[in-house]
1. What dipole magnitude, in Debye to the nearest 20, does the range 6-102 give about its Cα centre under +1 on Lys/Arg Cβ and -1 on Asp/Glu Cβ?
2. Could you pull out the GluC sites (Glu not before Pro) across the range 2-109 that fall in loop regions by DSSP (anything but H, G, I, E, B) with no more than 11 other Cβ atoms inside 10 Å?
3. Using +1 at the Cβ of each Lys and Arg and -1 at the Cβ of each Asp and Glu in the chain, identify which of 22, 49, 77 lies farthest towards the dipole's positive end.
4. Between beta-carbons, use under 11 Å as the cut-off and find the net charge around residue 77, counting Lys and Arg +1, Asp and Glu -1.
5. Taking the convex hull of the alpha carbon atoms in the chain, what volume per residue do you get, in Å³?
6. From a point 7 Å beyond the Cα of residue 80 in the direction of its Cβ, which residues of the range 1-35 have a backbone N at a distance under 12 Å?
7. Output the antiparallel fraction of DSSP beta bridges having both residues in the range 6-102, as a percent to the nearest 5.
Amino acid sequence: MLSVTGLRETGSTVNVLPYPLGLQPGFVWEQQPTHVHLTGSLARLPARGVIVSGQVASFPPVELAFAWTQATEVPVLLGQVNFFMEFDGCFFHSQAAFEVKPKGKANRG
C-alpha cells in the first residue's frame, strides 16, 4: 500500500498523478494505451490514463482515474474527474476548514 498526500483542486478537470508515484505501484508508461491531453502548465508533457483503488481517510476505497503525467515536480491533484464525482466537499470559510465525505453523505443544511 502506498500512502500519499494530495491537493483538492476544484479548478482541475482531472486527477493528476506525477510520474514517480505512478512507477511505485508498478505502472509501465509504454503499457498505458489511454492518452490524456492536459492543459495549463502541464500541457507540454504527455500523460496516460490510469485507474487506482484509493482510500481517503477512513472511507471505503473507491476507483480513482488519474492522468499520469511525465511531470516530476507536480503534486497529486484531486480534481473534478473523478475525485469530486466520488466525494462531496464543503468549504467552511469562516472556520478555514474543508470537509470531505463520500458522495451523498455530506452534511447539508
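None of the figures in this text is laboratory data; all of them are computed from the coordinates on show. Since the structure is predicted, the reported quantities are computational estimates derived from the model, not experimental observations. Here Cβ is always computed from backbone atoms with ideal geometry, including for glycine, and neighbour counts include all displayed protein chains.
1. 120 debye
2. 73
3. Looking along the dipole axis, the top candidate is 77.
4. Details: positive: 8; negative: 9.
Net charge around residue 77: 0.
5. On the way: hull volume 12.6 nm³, N = 109.
Hull volume over Cα atoms, normalised by residue count, gives 115 Å³.
6. Correct set: 10-15.
7. Approximately 70 percent, going by the DSSP bridge assignments.
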